[in-house]
Structures are given as C-alpha cells and as structure tokens.
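Derivation of every value follows stated rules applied to the coordinates shown; laboratory data play no part. The structure presented is a predicted model; accordingly, all values stated were derived computationally and were not measured. Cβ coordinates were reconstructed from backbone atoms using ideal geometry, including for glycine residues, and neighbour counts include every protein chain displayed.
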Amino acid sequence: MPTTLYSIARSNRKNPRVLWQSAVLIGLIVAVGYLMSTALFRDVEESGQASFLAGTLDLEVEVRNSQTEVMQIEAFGAPGVVADTKRWRVRNVGSLDGELQVSLANIINTELACHEPESLVDNSCDGVIGQPDTGELGAVLVGQIILDDDDGARTVASATLDSAQSEAYQAQWQSNLGQYVLPAGEAVDIILEWEIGEAGYTNAVQSDLVQFDLVFDLEQLISP
Amino acid sequence: MKKMANSGTSRWIWRVAFFGLALFVSIAQVTDADLLDREIIAANTISSTSLDIGVRHSFGATEMTTLFSTFGLVEGGFDVRGVRIVRLGDLGFEYRVRTEQSSGDTVLCQALDLVYIKQWQLVTQADLLSFVHQDSLGDSDRQDRIILAVVLDEDAAELMNKTCSFSIVVESIPSSDPAGTKFFDSEVIANTISTGTWEIE
C-alpha cells in the first residue's frame, strides 16, 4: 500500500490536486490502521485475563452518621469549630475483588478576604483575594485518613491540608498498606478526620478557604 | 524547482508517519485496559471565620486614630467625644477598653477622670490611668455607641499648662476555653489633653 501511494505521489508531482487526494487517502488509512491495532490490543489483554470479562468491579460509597455527603465546615476558628470527623462506608458491590485506595487530591487554599488583623501578619493578603494557593488555613490543619476494617481503626495517611500535600495522602496509603484488597461484597469504613496542628493557628488564617477532593479508587487486581 | 521541493517534503512526511506508526506497533506491549471504578467526593470545604474590631467616629465611617485633642482644659472643665466600636468580622467578641499613658505629665494624667457612657447610659467613671472596662459585642450585633468624657476636678497650680498624652486601647479578650477562638484584634486611639491656667480658689 505505501509503495502504491508513493508511486501515485511520484507520478503526480506536477498535479497538486492528486497529491492532496493521496494525502487524505493516506490519512484515512493511518486512522483505520490505528483503530484496528487498538482493538487488537484490547483483545490480547482480555484473552489473557479472561476471568474478569465475566465479572464486574463496582465501588459504592455510603454516608454514615451524616446528612450530607460532602464535607462543608464553615466558621473554622469560631468557638468549638476546631476539628471534625466524617465517616463513609465503602463497599465493593461488584463480583471481583479489587485494590482499594483512598486519597485526598486537588487541595486548593484560597484567600477569601483580608481583614486588618490578618493584614498585620500577612501584608500581601489584600492583593491575592480569590486567587488559588494563597490561603494559609490548610497549612495549620492536619487531615487524617483512617481505615476501619476487621483489624480495627488505624491511621493510614496523615498530612496537612496545604496545597503542596496533594500527593502525600496517596503516597502514604501505598507505603502503609501496600496493595489493600477489598473482596467482592465486602465493606470497610473510611474516616476523614481533621484538626488543628500542634502549632495552632493565628490571625493569618482568617477568612481562608481550603477545598479538596476525596478520591476512592477500586482497581482490578493484576495477576503477577 | 519549488514544486520539487514541496514534493520532497511531502514524501519525507509520509515516510516519517509510516515509520512512526510501525515503531509504535512494534514497542506497544500492554494497554491500560484494566478495570477501575472511581468515586470522588468533590469540593469538600473548610472555611475560616474572622474577627475584626473597628473604631469609628460617632458621625462617620472613617477609622478613628485620635479621639481627644483638647487644649486649655481648666479645673472643673470636661471634654466629650463619641466613638463607635464596630464588628467588622464575622465573629462577635468580648472586648476590653483600657487606657495607658504614652507621654506627658503623670500628675496631670493621674488627676484626670474618664467617664464611660454606653447606649446613653452611664456605665462607669474612674481615674484615667486605672480605667478598665469589659464589654461584649455579639455575633449579631453591629456596634456599640460609646461616649467618653475626660474630666478635671482637681484644683492645683501644678496642673496648669501641662500635657497628658494617653492611649485608649480597645482589644478583644482571648478566651480561656481551649476550644475558644485564637483570633485577636486590638485598636489604639491616641489622645492628648493640655491644661490652661485658672485662678486657684
């Protein structure tokens, strides 16, 4: 096929229209070839791991002891609003065992306002209102992911909610638990706890917002 | 000549495309075709509150830095000023109003009295240098209206032609509760009182 197209191009040097038609034809052939080869890879993968073709991998996250699924804490720093806990039940409702991983991701700290007491300790806060990765609140808060299963509750990841820590939770989960298998039909509890770090907090964190995603992954077990 | 160059370029592009595709096919051994289910609870948020005390003129919105600037005060005389203590942040707060001498004649400062009127009611009257008053502004309160008067009731020659400079400090009171707020604010208002002369009775 390439030889034929090349011959066409060569024999029509003086005819650009034919040349462009040839180019379009070649593009189509490449696209079809790519799609066909992609499908071929999937066939190979599935034939080698035939068992999962007949099963499903499905993760379900339920809320326990809470009316709303998303954690939304307002007025941190007001009397009594300095720590909180939220619990989710994670169930593998598919027919295949899977590797569970829970992490915090996309941590964003934002400055919402700049009151005078804060400006005295953070003289740049007035110019960064609303901009991401400018607030200081996350740096004074410690988030913990606690796994509660048949072996009891234990902290598997702990880090501040600073924007730079977005990767830390996933890394700690992997280093502390390795491959954590959630069998089909089984469930475990995941607890997210946050509190003030040992250093406490100051006026620098006034009117700040920290936002993050909680990610639950259940991945197919790969045979060695 | 130009057409020949274009033809050469086209040929080169096709060759690279085919060789690239061939290379991709030869080295691809696995594809990311494993099963994954992901649940995301997105946009969880924790936001902090704020505590901010404002001291404002009784008649306007501008921030107050000076309250009393009184000259020629005589025995039996007094001067009156108004101030609004305003909640600018989200949190209400307990606050303390106190004074401290910043400079000037201590004898005169000790001879002066400070009268504290809130919401048109007399709250307290005390020696200027030992004045302390505690109050609070709730989460839903906007402001406290305060009237302050400096009074000179002592009659002595040593008080004539003297100056007393002092600060009125309005500050939030830190909570003794470990779970109480750690946010804090303080405002300082400068004052100067100068006496004139009068006949001693």
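Observations
- Three-way shape call for the stretch A:79-162 based on the alpha-carbon gyration tensor, with the a/c threshold at 1.5: prolate
- Its relative contact order, with pairs defined as Cα atoms under 8 Å and 6+ residues apart, puts the stretch A:83-217 at 45 percent.
- Tensor-based shape of the stretch B:67-131 (alpha-carbon gyration tensor, a/c under 1.5 rounded, otherwise prolate or oblate): prolate
- Using a cutoff of 8 angstrom between alpha carbon atoms and counting only pairs six or more residues apart, the relative contact order for the stretch B:68-201 works out to 37 percent.
- The long axis of helix B:2-27 is offset from the longest Cα principal axis of chain B by roughly 80 degrees.
- A:Ile196-B:Leu36 FRET efficiency (beta carbon distance; Förster radius 45 Å; 0.05 resolution): 0.80
- The stretch A:92-117 residues near the modelled A:Glu60 label - backbone nitrogen below 11 Å, point 7 Å along Cα→Cβ: A:92-94
- Hypothetical label at B:Ala157: residues of the stretch B:40-79 whose amide nitrogen lies under 19 Å (7 Å Cα-Cβ projection): B:74-76
- Placing a label point 7 Å from the Cα of B:Thr66 along the Cα-to-Cβ line, the residues of the stretch B:82-114 whose backbone N sits under 16 Å from it are B:82, B:102-104.
- Extending 7 Å from the Cα toward the beta-carbon at both A:Val18 and B:Ser176 defines two label points whose distance is 10.1 nm.
- GluC sites (Glu not before Pro) lying in DSSP loop within the stretch A:190-224, provided at most 13 other Cβ fall within 10 Å: A:Glu198
- With eigenvalues of the C-alpha gyration tensor scaled by 5 and rooted, the protein assembly as shown, Å: 74, 32, 14
- Relative contact order, percent, the stretch A:141-224 [alpha-carbon distance under 8 Å, six or more residues apart]: 34
- The distance linking the stretch A:112-139 with the stretch B:95-132 is 36 Å (Cα centroid to Cα centroid, whole angstrom).
- Relative intensity, log₁₀ I(q)/I(0), of chain B from a Debye sum that treats every alpha carbon as a point, q = 0.11, 0.14, 0.15, 0.16 Å⁻¹: -0.65, -0.89, -0.96, -1.03
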